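Worksheet: one structure, shown below.
The values are calculated or read from the model by the stated rules, or taken from the named source; none is laboratory data. A quick note: this is a predicted structure, and the numbers were derived from the prediction, not measured. Note that each Cβ is placed from the backbone with ideal geometry, even for glycine, and that neighbours are counted across all protein chains shown. In case anyone asks, the SASA skips ligands and DNA or RNA and just uses the protein heavy atoms, side chains included. Shrake-Rupley method; radii C 1.70, N 1.55, O 1.52, S 1.80 Å.
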Amino acid sequence: MTDTHPSPHPSRALAHFAATLQHADIPAPVLRRTEDLFLDWFASALAGKGARPVEALARFWLAQGPADGASEVLIHRRGSSPLVAAAINAAASHFAEQDDVHNGSVFHPAAVVFPAAFAVAQALGRSGRELLVASVAGYEVGIRVGEFLGRSHYKVFHTTGTAGSVAAAAAVGRLLELTPQTMLHAFGSAGTQAAGLWEFLRDAADSKQLHTAHAASTGLAAAYLAADGLTGAQHILEGPQGMAAGMSSDADATKLVDGLGTRWATAETSFKYHASCRHTHPAADALLQVLRTHALGTDDIERVTTFVHQGAIDVLGPVTDPQTVHQAKFSMGTVLAIAALHGHAGLGEFDADYRAARVQALRDRVHMVLDAEVDAAYPARWIGKVEVLTKDGRVLHGRVDEPKGDPGNTLSRPELEAKALKLATYRGGASAAEMQGVIARVWALDGAVPLGAWLSA
């Protein structure tokens, strides 16, 4: 493993870490958290079944063939190549807005790392233990690339689509047993293909799922091509014409090698409680705190002011009148209104009420204000602060320093199991009994048994 001393070549140091990571290097709690994250991802992928943009992407990728293979396309219960399965499973797992997020990098690792690693591990006959090691390599690399690219990057670029390409390359490269030098070539090929812009939010377009499909598949391809001798840029991350040069104005190369082998960023990753953009969660939890503390209902609310970081304004600000369920998950007012009405902004609640008159009425009384304290803490901490003006003239305040799902306020395994069951059965991706079987397999993942198929046709 790479040491933690400053490196004159951080891309190389990061590639060396990913290529040489061993099971014995990873603390047991990190391995257990990776199992938790894998279960959360698997269920999120099943929840994408039947979603229009996901199925459109699936039709395209499946038409490229092959018609069968060891890598499972989970929503269709059929096999194909690793490339096809990775792309479709990545798209599916990013649709329900229930996949994980790492705060400091503002990056959704699961939706790009696990689809690529799972597909390749199945195709190569790898074990659950090998899958876990490769996935940790992908998480550690992707999170650090996201942190390195910084806040200026996220203002325009969807970090999951950009850093995700390199993360997927790291995970697949570890399964292919690339050397450190070959892993560096894989990073170069992945980074030069990195893409994903936020403009789609303004039009309720379907690009978000395309971003994860592209990142998982290009990262996978980059690793396979490197194994076959294709070379890539040696300084793709920090070079004068690399990712940071073209995509960031505040990049910090020291973050690429921060604590490699001692700081496990995988364990810092948060789960999503509400089925919406993570930028809405702190405010939603703070509003729910006010409602519970003061025994208020939505009819008691005259106005809600949310005090947020700039990233929330950048991503949520363009969505003022959501036209689709998915776009509604990026509307602060809609999310808070649904949470206030139901106590939780879940999948079913969005489907039933995102355009309901009572939701729209409260939505339009929610306002975002940039807050210096919240903005200074972000992205390391996502603080939720709200001010509620009641119709009888009271001004009430709520504050949440760790939203539900953050490492300090995490979901327990029983809570993760309950969430997984809801996700799997949401669109008929799997029955409750089938998902119970999947859960049992996940909790036994850290073994030497080849993965094989997980869901029969």
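Brief remarks follow.
- Qualifying residue in the stretch 284-297 (condition: open to solvent by less than 10 Å² (accessible area, probe 1.4 Å) and either within 30 Å of residue 20 (Cβ to Cβ) or touching a Lys or Arg at 6+ places or on another chain (Cβ under 8 Å) (or both)): yes
- The stretch 255-269 residues that are more than 21 Å from residue 35 (Cβ to Cβ), paired with ones that are among the aliphatic types (A, V, I, L, M) and open to solvent by less than 30 Å² (accessible area, probe 1.4 Å) (beta carbon under 6 Å, 6 or more apart): 256/14; 257/13
- Hits in the stretch 107-136 (condition: polar (S, T, N, Q) and either in contact with a helix residue (DSSP H, G or I) (Cβ under 7 Å, 6 or more places away or on another chain) or modelled with pLDDT under 95 (or both)): 135
- The set of residues in the stretch 326-348 being more than 19 Å from residue 158 (Cβ to Cβ), within 21 Å of the chain's Cα centre (by Cα) and open to solvent by 10 Å² or more (accessible area, probe 1.4 Å) consists of 344, 347, 348.
- Restricting the stretch 180-208 to residues that are in contact with a helix residue (DSSP H, G or I) (Cβ under 6 Å, 6 or more places away or on another chain) and of a type in the set (Ser, Thr, Tyr), the residue that is nearest to residue 109 (Cα to Cα): 207
- When 394, 363, 399, 381 are checked against the criterion of being open to solvent by 60 Å² or more (accessible area, probe 1.4 Å) and in contact with a helix residue (DSSP H, G or I) (Cβ under 8 Å, 6 or more places away or on another chain), 399 stands alone in meeting it.
- Output for the stretch 19-42, where each listed residue is out of contact with any Phe, Trp or Tyr (no Cβ under 9 Å at 6 or more places or on another chain) and not charged (D, E, K, R): 19, 20, 21, 22, 23, 24, 28, 31
- With respect to the conditions (1) under 19 Å from residue 210 (Cα atoms); (2) open to solvent by 10 Å² or more (accessible area, probe 1.4 Å); (3) assigned to a loop (DSSP other than H, G, I, E, B); (4) touching a helix residue (DSSP H, G or I) at 6+ places or on another chain (Cβ under 7 Å), residue 104 falls short on a single one, namely (1).
- Within the option set 285, 258, being at pLDDT 95 or above and among the acidic types (Asp, Glu) holds for one residue only, 285.
- Selection within the stretch 118-132 - assigned to a helix (DSSP H, G or I) and open to solvent by 10 Å² or more (accessible area, probe 1.4 Å): 122, 123, 124, 129, 130
- Strands (runs of 3 or more DSSP E) wholly inside the stretch 346-457 that include at least 2 residues being touching an Asp or Glu at 6+ places or on another chain (Cβ under 7 Å) and in contact (Cβ under 8 Å) with a residue 24 or more places away in the chain: 384-390, 395-400
- Among the candidates 145, 112, 133, the residue that is over 15 Å from the mean Cα position of the chain (by Cα) and β-branched (Val, Ile, Thr) is uniquely 133.
- Residues in the stretch 243-279 that are of a type outside the set (Gly, Ala, Ser), over 14 Å from the mean Cα position of the chain (by Cα) and in a helix (DSSP H, G or I) were compared, and the one that is surrounded by the most Cβ atoms within 10 Å (Cβ to Cβ) is 243.
- Residue within the stretch 340-359 that is under 13 Å from residue 304 (Cα atoms) and out of contact with any Pro (no Cβ under 7 Å at 6 or more places or on another chain) present: yes
- For the stretch 433-449, the condition holds for no residue, the condition being that it is surrounded by fewer than 16 Cβ atoms within 10 Å (Cβ to Cβ), of a type in the set (Gly, Ala, Ser) and closer than 20 Å to residue 272 by Cβ.
- Failed item in (1) touching a helix residue (DSSP H, G or I) at 6+ places or on another chain (Cβ under 7 Å); (2) at pLDDT 95 or above, with residue 318 passing the rest: (2)
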